[in-house]
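Notes for the one structure printed next.
The values are calculated or read from the model by the stated rules, or taken from the named source; none is laboratory data. Remember, predicted model here, so these are calculated numbers, not experimental data. For neighbour counting, all protein chains shown are included, and Cβ atoms are generated from backbone atoms with ideal geometry for every residue, glycine included.
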Amino acid sequence: MAPVTSLTASVHQRLADALASALPEADGVDPLLRRSDRADFQANGILALAKKAKANPRELATQVVAQVTTGDVIKDVEVSGPGFLNITVTDKAITENLAARAADPEGRLGVPRAQNPGTTVIDYAQPNVAKEMHVGHLRSAVIGDSVVQLLEFTGENVVRRHHIGDWGTQFGMLIQYLDEHPHELDHKDAQVTGEEAMSNLDRLYKAARKFFDSDEEFKTRARRRVVDLQAGDPHTLAMWQKFVDESKIYFFSVFEKLDMEIRDADIVGESGYNDMLDETCRLLEESGVAVRSEGALCVFFDDIKGPDGNPVPLIVRKSDGGYGYAATDLSAIRDRVFNLKANSLIYVVDARQSLHFRMVFETARRAGWLNDDVKAYQLAFGTVLGKDGKPFKTREGETVKLVDLLDEAIDRASAVVREKAQDLSEGEIAERGAQVGIGAVKYADLSTSANRDYKFDLDQMVSLNGDTSVYLQYAYARIQSILRKAGEVRPAAHPELDLHEAERALGLHADAFAETVAEAAAEYAPHKMTAYLYQLASLFTSFYDKCPVIRPQPPKDVAENRLFLCDITARTLHQGMALLGIRTPERL
Ligand code: ARG
């Protein structure tokens, strides 16, 4: 089925045509159409056009109005103010457009797929091996997952990359310790939980650290182990693999709790680029992009300065020959551009790493790996703050463990669900509690634009009122309950019916779903989707207040049409929430 042309697009087209026939040189000029409170739409493009053509804007607007085809889509168009156009669309067009969306056999609500999709590699959900996941890892995972869903829905080819921290000097210490205490990672039984895996790692890390700090000989052995690891000594590599495997058990358990699909094949950590590091350095040095400085291989920038105002170089290889974070990231760019054939690279990483990425991207541009056709972008996110507005810490001043946070959210949400529950069993309460709690955490994260900090406030997050996922989930469940209660009367569109103001507002907004998807995907901005859905649910609430669906029972065709509006609202909510990684339970 062809994608459904939205009313905005239809009106836009008609206005552009009218502009062109009123003033031939206006061909291709944007009428600047937007939704408006005064009419359904307002077009402001005539002002600039009149200025350019040295014409009187109101006169030009009047001429344009005379050229607008009215009837099927546009009911009425009139000049307002200094030369704006106020446009009202027909009720029939609203209902027909929604009916076309509802009829999409693919269930995509008529949202188009890209004609010539590109390939985007997205780097997100990248915790560190042998370390606990904290609240910062939440944002990367949640934002990244939503951008993946949004892009895939528009038809983009998406390659996911979880660039986990699985390489570096700390592994020398860990491996050496494990080699000397070989049973520390053994499991009592075959079914290892994430919690067990983490407590093993944690215990081992602490013990190794204690040795390392107190025993000079161990320190030397540990340092030698780093060299063995980087040289690819098989026994050392096998030990390292144990750490990675153990950590993955833990990561997967956290991602499962987050209700997020992370695939093993997409986990390509820092170690995955080990074989490319030498060549990356050689290429950079040969092209003159990197130079030796005090034994290290560095890239310098005129315009990139550290907080102290001094130029900071990007160190690609340290003077001792070791490679760091920059070398792996530069190698990863080569892999993503030349092997994965990406056109866009997105990095969902904390804003505190922005300087690193600026330098890495600029280096890759100088080397010719990035250019106008292949772009890299850091989708930088802000810090999660506590209620006091300071970076989120436990009462003891430690970073908050992600798992504890998620468990607390689920507990709170379960309490809310239990309070409202009418016919839910204990099992259902637990399941819904998880869906509501995790949804609340994701929604709070996604509903502020990524680059801003936000306060982690569970009370607010699980509140039934206001801009929360719970509010949206309840709106969805309420519609499902209405549809159940309607019994024999089924949703059906009746384009011949006149619509109530509240029905029009809801219908027009539902029709704008495809545009919201396109915008949120193009700008990597899930918060545009949350804002859209919140408004959809609010418009539904006022529609349901003003327009009886079941009781008092309206005439059959009106009831069917209202049920149809309920249904398309629910389907839009469901689809939109899915693009945010949030479930919409059928009953709450
Ligand atoms: N593991 C890093 C951290 O926890 C994030 C990795 C970001 N991705 C990248 N390609 N550098 O901070």
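From the list 141, 130, 190, which residue is closer than 16 Å to residue 250 by Cα, free of Cβ contacts under 8 Å to residues at least 12 places away in the same chain and either within 16 Å of the ligand (Cβ to nearest atom) or among the hydrophobic types (A, V, I, L, M, F, W, C) (or both)? Spell out the reasoning first.
On the way: 141 fails: free of Cβ contacts under 8 Å to residues at least 12 places away in the same chain; 130 fails: free of Cβ contacts under 8 Å to residues at least 12 places away in the same chain.
Unique residue meeting the criteria: 190.
Checking each residue of region 397-420 against the condition of being of a type outside the set (Phe, Trp, Tyr), in the same structural domain as residue 471 (by TED's automatic domain parsing) and in contact with a Phe, Trp or Tyr (Cβ under 9 Å, 6 or more places away or on another chain) gives at least one match. Among the candidates 386, 433, 439, the residue that is under 28 Å from residue 256 (Cβ atoms), small (Gly, Ala, Ser) and in contact with a Phe, Trp or Tyr (Cβ under 7 Å, 6 or more places away or on another chain) is uniquely 386. Scanning region 337-381 for residues that are within 12 Å of the ligand (Cβ to nearest atom) and of a type in the set (Ser, Thr, Tyr), we see that the one that is modelled with the highest pLDDT is 347.
Looking only at region 144-179, count every residue that is away from the ligand (no atom under 11 Å from the Cβ), outside any strand (DSSP E or B) and either modelled with pLDDT of 95 or more or not β-branched (Val, Ile, Thr) (or both) and tell me the total. Before you say what the answer is, go through the steps one by one.
Keep residues of region 144-179 that are away from the ligand (no atom under 11 Å from the Cβ), which gives 145-160, 169-179.
Okay, now just the ones that are also outside any strand (DSSP E or B), so 145-156, 169-179.
If we keep only those that are either modelled with pLDDT of 95 or more or not β-branched (Val, Ile, Thr) (or both) too, we end up with 145-156, 170-179.
The qualifying residues number 22.
Could you check region 443-471 and list, in sequence order, the residues that are part of a loop (DSSP other than H, G, I, E, B) and of a type in the set (D, E, K, R)? Correct list: 452, 453, 457, 467. Just so you know, in region 513-539 the residues that are surrounded by fewer than 19 Cβ atoms within 10 Å (Cβ to Cβ) and hydrophobic (A, V, I, L, M, F, W, C) include one that is farthest from residue 563 (Cα to Cα), and it is 522.
Against the conditions (1) among the basic types (Lys, Arg); (2) in a helix (DSSP H, G or I); (3) without any contact (Cβ under 8 Å) to a residue 60 or more places away in the chain; (4) over 30 Å from residue 118 (Cβ atoms), residue 551 satisfies every one except (2).
Among the residues of region 291-306, are any aliphatic (A, V, I, L, M), within 33 Å of the chain's Cα centre (by Cα) and assigned to a loop (DSSP other than H, G, I, E, B)? Yes; the residues of region 291-306 include at least one that is aliphatic (A, V, I, L, M), within 33 Å of the chain's Cα centre (by Cα) and assigned to a loop (DSSP other than H, G, I, E, B).
Yes or no, residue by residue, for (1) assigned to a helix (DSSP H, G or I); (2) touching a strand residue (DSSP E or B) at 6+ places or on another chain (Cβ under 6 Å); (3) of a type outside the set (A, V, I, L, M, F, W, C):
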site: 9; (1), (2), (3): yes, no, no
site: 25; (1), (2), (3): yes, no, yes
site: 49; (1), (2), (3): yes, no, no
site: 52; (1), (2), (3): yes, no, yes
site: 55; (1), (2), (3): no, no, no
site: 64; (1), (2), (3): yes, no, no
site: 71; (1), (2), (3): no, no, yes
site: 77; (1), (2), (3): no, yes, no
site: 86; (1), (2), (3): no, yes, yes
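Among the residues of region 116-143, those identified as out of contact with any His (no Cβ under 6 Å at 6 or more places or on another chain), assigned to a loop (DSSP other than H, G, I, E, B) and within 25 Å of residue 273 (Cα to Cα) are 118, 124, 129, 130, 131, 132, 133. Screening residue 423 against (1) surrounded by 17 or more Cβ atoms within 10 Å (Cβ to Cβ); (2) touching a residue at least 40 places away in the same chain (Cβ under 8 Å) leaves a single unmet condition, (1). Taking region 338-356 as the range and being touching a helix residue (DSSP H, G or I) at 6+ places or on another chain (Cβ under 8 Å) and not in a strand (DSSP E or B) as the test, the residues that pass are 342, 356.
Of all residues assigned to region 64-81, at least one qualifies as being surrounded by 17 or more Cβ atoms within 10 Å (Cβ to Cβ), aliphatic (A, V, I, L, M) and either within 36 Å of the chain's Cα centre (by Cα) or not assigned by TED's automatic domain parsing to the domain that holds residue 17 (or both).
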